[in-house]
Ligand SMILES: NC(=O)c1ccc[n+]([C@@H]2O[C@H](COP(=O)([O-])OP(=O)(O)OC[C@H]3O[C@@H](n4cnc5c(N)ncnc54)[C@H](O)[C@@H]3O)[C@@H](O)[C@H]2O)c1
């Protein structure tokens, strides 16, 4: 089969005539699809969830960083179409894969979504297509797992079709950094693949950094998340020591942050959540074991961070003990169940673990989260209660687990009997009914 020449695909990209396929329309895929549409490309968004596809086609966004107005505007210009029909991907010149990469129950990489999608693409792969994996994964995935699946089509990677890895760095709810102004890493399986992938991303992103191969791009992504995870673990451990030494970890972090070089702040909390930071390190740890290599920092960071919800509960129990109370006779109102402030994302949220642990120990637990109306735990389902003065004052403890910007901290502190602040956000307040993690 004869391939389309590289210059032909490059021309189509430069003229915005290339059709871009985005597979997996979640936190990563939907903003990406929108960015290409807003740049003037015709975009085909593919997802397995009919509900998501319908919502997009009706101009209703379900992702915090994508407004329904922006969605409606690209739909009106016929620049975006969502579908569950994988067959339509044969019309795309470039396909970005943004499907989930979770862990199995035993914390091994679960590449089943990526593999399934590549099998779908392989069935209808066309000469000249550019395939880019954006999902986070371990180094080696693009060349060892994806390339062989795509080559089952009978086409050769790097000449008949182009293949690259380009990790997504999106930070949901970040008002300063978005797709356009966050530099994008690209690694192709050969120079042609890298060149055309770089050209594509240049249409929507200010800075594209091309590295020598997909393995470097893959390792870069997991390293970035491991760096974050390890530093959060370090500060979580420091917070525990600070408590014993009666030193405020928050004040220490503020002071250290005045150093203009060689330091960047990370903050303690009730644990680490989200789809990336707690999960991605396991991708590298698992791959490393193939090389008889154990990355001890990853294990250590997981141990410290995963213990933080337990530690938070033990602090609450200690404070109750000081007041001659036990957890089993206590009502606790947990504020914020999203893993990150100002988002509606509860994946791996430490607040959920915290609530489960409090329930396991007999506490009567309620929660408020303006973004999450209900939560399903192992044995319980709970509905968000309103943040009224009555609800605040009737709880024995109010725990600030995720400090959404809309929370009125003054009202929370004055209306509540006792507040346990896991995020250090009440520091400006003079109320003496507040106990803080790390102090
Ligand atoms: N969320 C983040 O902040 C973030 C940041 C950087 C990287 N990542 C990585 O990006 C990838 C996607 O993450 P996400 O947060 O967007 O996940 P998500 O769960 O929000 O979205 C994934 C979407 O893929 C769809 N899907 C699953 N299998 C599919 C298939 N075979 N075909 C089409 N659609 C399919 C799901 O229905 C879902 O809508 C993961 O590898 C993640 O680690 C996420």
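Go through 319, 288, 301 for me and flag whichever is more than 16 Å from the ligand (Cβ to nearest atom) and buried (at least 23 other Cβ atoms within 10 Å of the Cβ).
Just one listed residue meets the conditions, 301.
Residue-by-condition table, conditions (1) out of contact with any helix residue (DSSP H, G or I) (no Cβ under 8 Å at 6 or more places or on another chain); (2) part of a loop (DSSP other than H, G, I, E, B); (3) at pLDDT below 95:
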| site | (1), (2), (3) |
| --- | --- |
| 325 | yes, yes, yes |
| 328 | yes, no, yes |
| 333 | no, no, no |
| 343 | yes, yes, yes |
| 347 | yes, yes, yes |
| 353 | no, no, no |
| 357 | no, no, no |
| 366 | no, no, no |
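Under the condition of being outside any loop (DSSP other than H, G, I, E, B) and within 11 Å of the ligand (Cβ to nearest atom), which residue from the range 131-162 is surrounded by the fewest Cβ atoms within 10 Å (Cβ to Cβ)?
Restricting to residues being outside any loop (DSSP other than H, G, I, E, B) and within 11 Å of the ligand (Cβ to nearest atom), the top hit is 141.
Tell me which residues, restricted to the range 383-401, are in contact with a strand residue (DSSP E or B) (Cβ under 8 Å, 6 or more places away or on another chain) and either within 25 Å of residue 325 (Cα to Cα) or at pLDDT below 95 (or both).
The answer is 385, 387, 391, 392, 394, 395, 396, 397, 398, 399, 400, 401.
Of the residues 114, 186, which single one is modelled with pLDDT of 95 or more, touching a helix residue (DSSP H, G or I) at 6+ places or on another chain (Cβ under 9 Å) and assigned to a helix (DSSP H, G or I)?
114
Return the total of residues in the range 189-202 being surrounded by 15 or more Cβ atoms within 10 Å (Cβ to Cβ) and farther than 13 Å from residue 9 by Cβ.
Of the residues in the range 189-202, 4 are surrounded by 15 or more Cβ atoms within 10 Å (Cβ to Cβ) and farther than 13 Å from residue 9 by Cβ.
Have a look at 177, 165 and point out the one that is within 24 Å of the chain's Cα centre (by Cα), within 16 Å of the ligand (Cβ to nearest atom) and crowded, with 24+ Cβ neighbours inside 10 Å.
165
Look at residue 371 and say whether it is surrounded by 18 or more Cβ atoms within 10 Å (Cβ to Cβ), within 16 Å of the ligand (Cβ to nearest atom), under 27 Å from the mean Cα position of the chain (by Cα) and closer than 29 Å to residue 26 by Cβ.
The answer is yes for residue 371.
In the range 77-100, what residues are under 16 Å from residue 54 (Cα atoms), in a strand (DSSP E or B) and more than 12 Å from the ligand (Cβ to nearest atom)?
If the condition is that a residue be under 16 Å from residue 54 (Cα atoms), in a strand (DSSP E or B) and more than 12 Å from the ligand (Cβ to nearest atom), then 80, 81 are the ones that fit.
Quick test of your reading of the structure: residue 332 fulfils all but one of (1) out of contact with any strand residue (DSSP E or B) (no Cβ under 9 Å at 6 or more places or on another chain); (2) under 24 Å from residue 397 (Cα atoms); (3) crowded, with 18+ Cβ neighbours inside 10 Å. Name the failing condition by number.
Failed condition: (1).
Would you please name the residue that is nearest to the ligand (Cβ to nearest atom), looking only at residues in the range 56-71 that are surrounded by 19 or more Cβ atoms within 10 Å (Cβ to Cβ) and part of a helix (DSSP H, G or I)?
56
Any idea how many residues of the range 5-24 are more than 16 Å from the ligand (Cβ to nearest atom), in contact with a strand residue (DSSP E or B) (Cβ under 9 Å, 6 or more places away or on another chain) and at negative phi?
7
Condition check: out of contact with any strand residue (DSSP E or B) (no Cβ under 8 Å at 6 or more places or on another chain), more than 16 Å from the ligand (Cβ to nearest atom) and at pLDDT 95 or above. Does residue 307 satisfy that?
When the stated conditions are applied, residue 307 passes them.
Could you check residue 295 against (1) at pLDDT below 95; (2) within 21 Å of the chain's Cα centre (by Cα) and say which number it fails?
Residue 295 satisfies all of (1) at pLDDT below 95; (2) within 21 Å of the chain's Cα centre (by Cα) except (2).
Condition check ((1) within 15 Å of residue 29 (Cα to Cα); (2) within 19 Å of the chain's Cα centre (by Cα)) across all residues:
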site: 53; (1), (2): yes, no
site: 63; (1), (2): yes, yes
site: 68; (1), (2): no, no
site: 78; (1), (2): no, no
site: 87; (1), (2): no, no
site: 91; (1), (2): no, no
site: 99; (1), (2): yes, yes
site: 110; (1), (2): no, yes
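Criterion first (part of a loop (DSSP other than H, G, I, E, B) and touching a helix residue (DSSP H, G or I) at 6+ places or on another chain (Cβ under 8 Å)) does residue 265 satisfy it?
yes
Here's a check for you: in the range 31-50, which residue that is in a loop (DSSP other than H, G, I, E, B) and closer than 27 Å to residue 181 by Cβ is farthest from the ligand (Cβ to nearest atom)?
40
Right, residue 110: free of Cβ contacts under 8 Å to residues at least 12 places away in the same chain and either surrounded by 15 or more Cβ atoms within 10 Å (Cβ to Cβ) or more than 10 Å from the ligand (Cβ to nearest atom) (or both) or not?
yes
Can you pull out the residues in the range 34-66 that are touching a strand residue (DSSP E or B) at 6+ places or on another chain (Cβ under 6 Å) and without any contact (Cβ under 8 Å) to a residue 60 or more places away in the chain?
Of everything in the range 34-66, those that are touching a strand residue (DSSP E or B) at 6+ places or on another chain (Cβ under 6 Å) and without any contact (Cβ under 8 Å) to a residue 60 or more places away in the chain turn out to be 37, 42, 43, 44, 45, 46, 53, 56, 57.
Can you tell me which of 53, 74, 28 is over 19 Å from residue 344 (Cα atoms), buried (at least 16 other Cβ atoms within 10 Å of the Cβ) and either within 15 Å of the ligand (Cβ to nearest atom) or at pLDDT below 95 (or both)?
53
The values are calculated or read from the model by the stated rules, or taken from the named source; none is laboratory data. Source: prediction; values computed, not measured. Backbone-built Cβ (ideal geometry, glycine too); neighbour counts: all protein chains shown.
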